[in-house]
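Working notes for the structure below.
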Amino acid sequence: MIITTEGIVLRQRKIANNRRMIVLFTKQYGKISAGTSVNEKSRSKAALALRPFTYADYDIFRGREAYSINSAQAKKSFYSIGEDIDRFMAASAFIEYLDKVLGEETPMPGLFDLALAFLESVSRSRSSAETLLFAFIVKSLRMLGVAPELSCCTGCGKSAESFGEGGFRSFSVTGGGIICPDCAEQEKTRPDSLIYQPSFDIITVFGYFDSRPLATFEKVDLKPDVAGVVRDILAEYTDRYLGIDVLRTSIGLEV
Ligand SMILES: [Zn+2]
């Protein structure tokens, strides 16, 4: 059976007989691994469609046990990502994140559209590409069913509004969201507690990432100290709830 789908290349490797195994994030079928003998080094549109940071249409033969790419046609190449180290680092962490978070053959069309919007935005960003990566990750958490709790205390359930100015500045990674001062004091006594008390309003920052279109962040730069705390919280949070930490391994230690 032949299937046709849009997709993004997540990674590829050589296999036997001059063939390659391409891991694709497809819109209709989710993540799939497909073999191909299309020569990646040629200048054809099919070859371009096998490279990273390309959005393409694929005709894929679905056999009993394996997928095989028959033909491919690049729709858009976000080549400018490779020309800038900041964009490249953010986009590489994004690809690694998607590769780890997606289950095989589990369609996630909403996340696919968000991923495409990320590639569009990062390829033309005029500020830190890492801010776009933060926004992408925060938005993806809801789609993956692990959104942080930002409206009430994760310890006692008190609503965020019932606390005065500055009363809800703590974020508990272990609790999975914001935490009130009383519960924070209690939780700190637990050996595995992981609480951040940023000097800015974390509810507003995460809410901003969650609610604004991704393209908004093409022009947004966070202050370095804010970016540092957001990076730390998201790294710990994704590590705990998704088993993934692409922010420290790919970005935090480099540049
Ligand atoms: Zn509480």
Check: Taking only pairs that are 8 or more places apart or on different chains, how many Lys pairs in the chain have Cα atoms under 21 angstrom apart?
Finding: 21
Check: Just R64, R126, R51 to compare: in a GNM of the chain, with alpha carbon springs under 10 Å, which one fluctuates most?
Finding: R64
Checklist line | Most mobile listed residue (I203, I15, I81) in the chain, GNM with C-alpha springs under 10 Å | finding: I15
Check: Taking H as built 1.01 Å from N, whose amide H comes closer than 5 Å to the amide H of S170, not counting residues under 5 places away?
Finding: I179
Next item on the list: Divide the volume of the convex hull of the Cα atoms of the range 84-255 by its number of residues and quote the answer in cubic angstrom per residue.
Entry: 118 Å³
Next item on the list: Run the quick spin-label model on D210 and C156: label points 7 Å from Cα toward the beta carbon, then report their separation in nm to one decimal.
Entry: 2.2 nm
Item checked: Residue-averaged 222 nm ellipticity for the chain, from DSSP H runs of 4+ at -39500 (n - 2.57), nearest 500 -> -10500 deg cm²/dmol
Next item on the list: Please give the contour-minus-distance gain from N18 to E149: 0.36 nm per residue of separation, less the Cα-Cα distance, rounded to one decimal in nm.
Entry: 42.2 nm
Margin query: Could you work out the relative contact order of the range 84-255? I mean the mean sequence separation of Cα pairs under 8 Å and 6+ apart, divided by the number of residues, in percent.
Written below: 28 percent
Check: Which whole-Hz ³J(HN,Hα) couplings does the range 108-116 yield from phi under the Karplus relation 6.51 cos²θ - 1.76 cosθ + 1.60, θ = phi - 60°, glycine and proline marked x?
Finding: 9, x, x, 5, 4, 4, 5, 5, 5
Notebook entry, point to check: Calculated FRET efficiency, S127 and D192, Cβ-Cβ r, R0 30 Å, to nearest 0.05?
Noted result: 0.25
Checklist line | the chain: Cys lacking any partner C-beta under 4.7 angstrom | finding: C152, C156, C183
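Given the convex hull over the Cα atoms of the range 36-178, what projected area results after averaging over all orientations, in nm²?
11.8 nm²
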Next item on the list: Would you look at the GNM of the chain, springs on alpha carbons closer than 10 Å, and say which of S159, S170, S121 moves the most?
Entry: S159
Check: What angle, in degrees between 0 and 90 and rounded to the nearest 10, separates the Cα long axis of helix 202-211 from the longest principal axis of the Cα atoms of the chain?
Finding: 30 degrees
Next item on the list: Divide, for the range 9-88, the radius of gyration over alpha carbons by 2.2 N^0.38 Å, where N is the residue count.
Entry: 1.09
Next item on the list: Would you mind checking which residues have amide H under 5 Å from K75's amide H? H placed 1.01 Å from N; only 5 or more apart, or other chain.
Entry: Y55, A56, D57
Check: Label points 7 Å out from Cα along the Cβ direction at Y79 and R51: separation in nm?
Finding: 0.6 nm
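No value in this document is a laboratory result; all are computed from the given coordinates. The structure displayed is predicted, hence computed values, not measured ones. All Cβ positions, glycine included, derive from the backbone under ideal geometry; neighbour counts span all protein chains shown.
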